[in-house]
Amino acid sequence: MEKMQGDAERLCQKEIDETVALYPGIELAYLRLGSDPFCGRHDSQAHILQLSYCRTGQISWKMKNGERVYLNPGDFSIRIRMVGVESAAIFPSGEYSGLTICIDLQQAPRCLPALLQSTDVFTLLQDKFCRGDTAFFLTGNEQTESIFSGFYDQPENIRLPYQKLKILELLLYLTKIEFTKTNRLAVYQSEQIEIVRKIHEQLMQSMDRRVTIAELSRQYLINPTTLKTAFKAVYGTSIAAHMKEHRMEKAAQLLRESDMSIAEIAQAVGYDSQSKFTAAFKAAFQVLPKEYRKRS
């Protein structure tokens, strides 16, 4: 495990909150990033199975073939350390928290926890995740969220037993997981990501206009479904929700820094109706625009 810990320290030297040795050959690390974008690489290790779980923020992998995949809150990845060794884990916003679990497939099977001694769990994991040059990027669900959430916010006196229990539950879950189109995250070509970023820039520069997905797909020659899924992957939410958040942030800025009327601000952020803007603003900030301006 000393080798595994050294790699983890090189991966995110200042970003590891805590490292916990759960069992011989199984190590848990909690990661948290501040405000600066970060890019991490690791050594090739064919015997290390690594799972990364995104709790908040986002992780992006740029693979050696130029493709990208994005993990948003609840998503997780599994791969052996030799897969995609030329790829890099990128934290685009710099805001990220999550955990990484490293399993030494040479050591862990020799020191089976008591609850796993009647199983062939590590053989099953090797057969499922360690054959071929494949990395697995998966969406979360209610069961995985129940497992991963158990690694957090436990009372100090029972925290380690909880972590040990949850890792066993996770290992057993991974042996039975099936890979489908619905639970595997999409991988995007660099050209698709570039289009999505151009669309994002256009939307940010024209908040006063309401542009439909159909219009954007025609303008940029991208399938509407691909546009929606790629945008959500890159920015973590739908186009509508993303734009609403930025419209409200822009409106709040104008209320603080300008003498524009409420009606003018509403139009500047894409609302033809002042009443609809007021309702949206109150839902976002729990205060009416006039009251927000008085308090600023």
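The values are calculated or read from the model by the stated rules, or taken from the named source; none is laboratory data. Nothing here was measured: the structure is a model prediction, and the numbers come from that model. Cβ placement follows ideal geometry from the backbone for every residue including glycine, while neighbour counts extend to all protein chains displayed.
Quick notes
Each row is one residue, and each column tells you yes or no for (1) surrounded by fewer than 14 Cβ atoms within 10 Å (Cβ to Cβ); (2) touching a strand residue (DSSP E or B) at 6+ places or on another chain (Cβ under 9 Å); (3) without any contact (Cβ under 8 Å) to a residue 40 or more places away in the chain.
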position	(1), (2), (3)
Arg218	yes, no, yes
Lys228	no, no, yes
Ala240	yes, no, yes
Arg256	yes, no, no
Gln267	no, no, no
Ser275	yes, no, yes
Ala279	yes, no, yes
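- Some residue of segment 115-135 being assigned to a helix (DSSP H, G or I) and polar (S, T, N, Q): yes
- Residue pairs whose Cβ atoms lie under 6 Å apart, separated by 6 or more positions or on different chains, with the first residue in segment 110-121 and touching a residue at least 60 places away in the same chain (Cβ under 8 Å) and the second of a type outside the set (Lys, Arg) and part of a loop (DSSP other than H, G, I, E, B), are Cys111/Pro24.
- Within segment 172-216, the set of residues being touching a strand residue (DSSP E or B) at 6+ places or on another chain (Cβ under 9 Å) and free of Cβ contacts under 8 Å to residues at least 60 places away in the same chain comprises Ile177, Phe179, Asn183, Arg184, Gln192, Val196.
- The requirement of being in the same structural domain as Ala263 (by TED's automatic domain parsing), over 20 Å from the mean Cα position of the chain (by Cα) and within 30 Å of Ile262 (Cα to Cα) is satisfied by Arg247.
- Lys181 vs. criteria outside any helix (DSSP H, G or I), closer than 28 Å to Ser77 by Cβ and modelled with pLDDT under 95: yes
Here is a yes/no grid of residues against (1) more than 30 Å from Phe231 (Cβ to Cβ); (2) charged (D, E, K, R); (3) at pLDDT below 85:
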residue: Leu31; (1), (2), (3): no, no, no
residue: Asp36; (1), (2), (3): no, yes, yes
residue: Gly40; (1), (2), (3): no, no, yes
residue: His47; (1), (2), (3): yes, no, yes
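- Flag if Leu172 is assigned by TED's automatic domain parsing to the domain that holds Asn72, more than 25 Å from Gln58 (Cα to Cα) and not hydroxyl-bearing (Ser, Thr, Tyr): yes
- Test: Ile147 is more than 30 Å from Leu22 (Cα to Cα) and surrounded by 15 or more Cβ atoms within 10 Å (Cβ to Cβ): no
- Check on Tyr162, among the hydroxyl-bearing types (Ser, Thr, Tyr) and either assigned to a helix (DSSP H, G or I) or surrounded by fewer than 14 Cβ atoms within 10 Å (Cβ to Cβ) (or both): yes
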